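The next block holds one structure in the form of structure tokens; read it before the comments.
The values are calculated or read from the model by the stated rules, or taken from the named source; none is laboratory data. What you are looking at is a predicted structure, and each value in this text was computed from that prediction instead of being measured. Cβ atoms come from the backbone with ideal geometry, glycine included; neighbour counts cover every protein chain shown. All accessible areas refer to the heavy atoms of the entire protein, side chains included, with ligands and DNA or RNA removed. Shrake-Rupley method; radii C 1.70, N 1.55, O 1.52, S 1.80 Å.
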Amino acid sequence: MAVTKPQKDNDGRKTREAKRKNGANKANHADNTDTRNTHEVNGNDNGSNNANGADHGHQGKHQTKGDEQYFAANPQSADVRRERKVTLRGYDATVQTSNGVFSGNRVDLGTSVLLRHAPMPPQQGTGLDLGCGWGPIALALGFESPDLDLWAIDINERAVDLTAENAKSNGLEHVHAVTSDAVPADLTFDVIWSNPPIRIGKDALHELLMAWLPRLNPGGAAYLVVQKNLGSDSLIPWLAQALGDGYSVSKYASSKGYRVIEVLRQA
């Protein structure tokens with residue numbers, strides 16, 4: 001499938017478009033027209049603040065039916081695939097989503113904030129999308145860095161399958177979508193991007209982050225998006241203490257009630 005990178009609008013145009021009334025901006029509100037079975041987003045915080053306010057990142061409402069959690073290893077809901085059109089950091093793509101995975105109908109707001117503000121990833125080396133869902137972060141990394149060896153991991157096997165299919169259908173053969181136990185134990189990373197699953201609980205979240213952030217290579221960087229009212233500001237000093245010497249942790253950007261946290265490992 002051909003993937004195109006359209007020319008980005010200038011800041012003035014983006015500002016004017018953001019001020020239009022609800023529903024006037026087609027790219028920002030396409031998922032309100034469900035009969036089209038597509039959803040167009042801009043991969044930024046303005047483009048994803050729609051969907052009737054239902055999606056607010058891994059930190060927000062669960063987007064699964066009943067009591068099923070998106071971080072269940074084997075979702076019990078019906079695997080009903082839906083085709084969506086998305087734009088991720090300026091790259092257009094067609095993807096498949098489904099029930100039983102995080103934000104199965106759209107790019108959530110937290111991920112959109114991360115994609116809007118994270119810096120350009122390295123062009124070579126190894127990258128990781130931690131908690132990939134159906135794959136928007138992995139796809140964005142894959143489009144921007146075609147020579148980066150990319151790994152996308154999730155406990156949810158349906159999410160892993162969706163990410164693998166979406167990467168393949170968009171020509172991103174360098175994306176490896178797997179569960180965490182399939183990642184080589186000695187593999188380290190030059191860049192990590194993540195919208196981590198805050199709802200798994202503080203202890204489980206800390207365990208997850210400390211299993212992967214120490215695998216940054218010297219000179220490597222991680223960017224995490226966390227909702228402010230769910231502990232982003234307290235997570236920064238905790239990570240700094242837990243990672244210890246050789247790492248710096250700071251707020252990189254703020255938008256729409258989210259913090260983008262930067263973790264740097266000294267070279």
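Points to keep in mind about this one:
- Scanning the stretch 154-171 for residues that are outside any helix (DSSP H, G or I), crowded, with 24+ Cβ neighbours inside 10 Å and either modelled with pLDDT of 95 or more or on the phi > 0 side of the Ramachandran plot (or both) yields a single hit, D154.
- When residues in the stretch 143-153 are screened for being free of Cβ contacts under 8 Å to residues at least 60 places away in the same chain and crowded, with 18+ Cβ neighbours inside 10 Å, 7 of them pass.
- Matching residues, the stretch 187-208, being in a helix (DSSP H, G or I) and either of a type in the set (D, E, K, R) or over 15 Å from the mean Cα position of the chain (by Cα) (or both): R199, I200, K202, D203, A204, L205, H206, E207, L208
- Every residue from the stretch 187-204 that is among the small types (G, A, S) and surrounded by 17 or more Cβ atoms within 10 Å (Cβ to Cβ): S194
- Qualifying residue in the stretch 175-186 (condition: of a type outside the set (S, T, N, Q), assigned to a helix (DSSP H, G or I), open to solvent by 10 Å² or more (accessible area, probe 1.4 Å) and more than 23 Å from R82 (Cα to Cα)): yes
Rundown of residues vs (1) hydroxyl-bearing (S, T, Y); (2) under 24 Å from G125 (Cβ atoms); (3) at pLDDT 95 or above, yes/no style:
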| site | (1), (2), (3) |
| --- | --- |
| V226 | no, no, yes |
| S232 | yes, no, no |
| I236 | no, no, yes |
| G244 | no, yes, yes |
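- Where a residue in the stretch 236-252 is in a loop (DSSP other than H, G, I, E, B) and its partner, wherever it lies, is surrounded by fewer than 12 Cβ atoms within 10 Å (Cβ to Cβ) and not charged (D, E, K, R), with Cβ under 6 Å and at least six apart: G246/Q266
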